[in-house]
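Trainee: The structure under discussion is supplied below as structure tokens; questions concerning it will follow.
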Amino acid sequence: EGPHLTRELALIKVVGRGDDRMEVLRLADAFRARVVDATTASFVLEMTGNGDTIDAFVALMRPIGLAEVSRTGAVAIARGPKGITE
């Protein structure tokens with residue numbers, strides 16, 4: 001209740017070769033996803049943000065070669081100076 005921040009963490013595995021790899025990196029940069037593992041055939045990307053943004057990124061990865069997605073679910077914290085003990 002009240003003003004708050006909500007975030008989610010996702011690890012996203014995408015497979016592909018050639019031009020698909022460049023497209024994955026281009027889109028990852030646009031969505032501020034970070035490459036945390038790379039092989040000659042795949043990337044694992046780490047992304048934080050709201051659920052809608054992660055959903056949009058995952059949808060863009062599907063036609064390229066989405067292999068796996070692991071998500072934390074939403075976490076939230078109240079905005080402002082008050083803590084939970086106040």
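The values are calculated or read from the model by the stated rules, or taken from the named source; none is laboratory data. Here the structure is a predicted model, which means the values were calculated and not measured. Positions of Cβ are generated from backbone atoms using ideal geometry, with glycine treated the same way; all protein chains shown enter the neighbour counts. For the accessible areas, the whole protein counts, side chains as well, though only heavy atoms, and no ligand, DNA or RNA atoms are used. Shrake-Rupley method; radii C 1.70, N 1.55, O 1.52, S 1.80 Å.
Trainee: From the residues in segment 32-58 that are of a type in the set (Val, Ile, Thr) and part of a loop (DSSP other than H, G, I, E, B), which one is surrounded by the most Cβ atoms within 10 Å (Cβ to Cβ)?
Mentor: 39
Trainee: Then there's this: Just for segment 59-86: of the residues that are among the basic types (Lys, Arg) and loosely packed, with under 14 Cβ neighbours inside 10 Å, which one is farthest from residue 10 (Cα to Cα)?
Mentor: My answer is 82.
Trainee: Would you point out which residue out of 59, 76, 38, 30 is touching a residue at least 24 places away in the same chain (Cβ under 8 Å) and of a type in the set (A, V, I, L, M, F, W, C)?
Mentor: It is 76.
Trainee: What tally of residues in segment 43-86 results from selecting those that are hydroxyl-bearing (Ser, Thr, Tyr) and over 16 Å from the mean Cα position of the chain (by Cα)?
Mentor: 1
Trainee: Going by the conditions given, is residue 2 among the small types (Gly, Ala, Ser), closer than 18 Å to residue 77 by Cα and over 11 Å from the mean Cα position of the chain (by Cα)? First the steps, then the outcome.
Mentor: Values: among the small types (Gly, Ala, Ser): yes; closer than 18 Å to residue 77 by Cα: yes; over 11 Å from the mean Cα position of the chain (by Cα): yes.
The answer is yes for residue 2.
Trainee: Looking at this structure, is residue 8 of a type in the set (Asp, Glu), open to solvent by less than 50 Å² (accessible area, probe 1.4 Å) and not in a helix (DSSP H, G or I)?
Mentor: Yes: the conditions hold for residue 8.
Trainee: Go through segment 14-31 and give me each residue that's in a strand (DSSP E or B) and either open to solvent by less than 50 Å² (accessible area, probe 1.4 Å) or modelled with pLDDT under 95 (or both).
Mentor: Matches in segment 14-31: 14 only.
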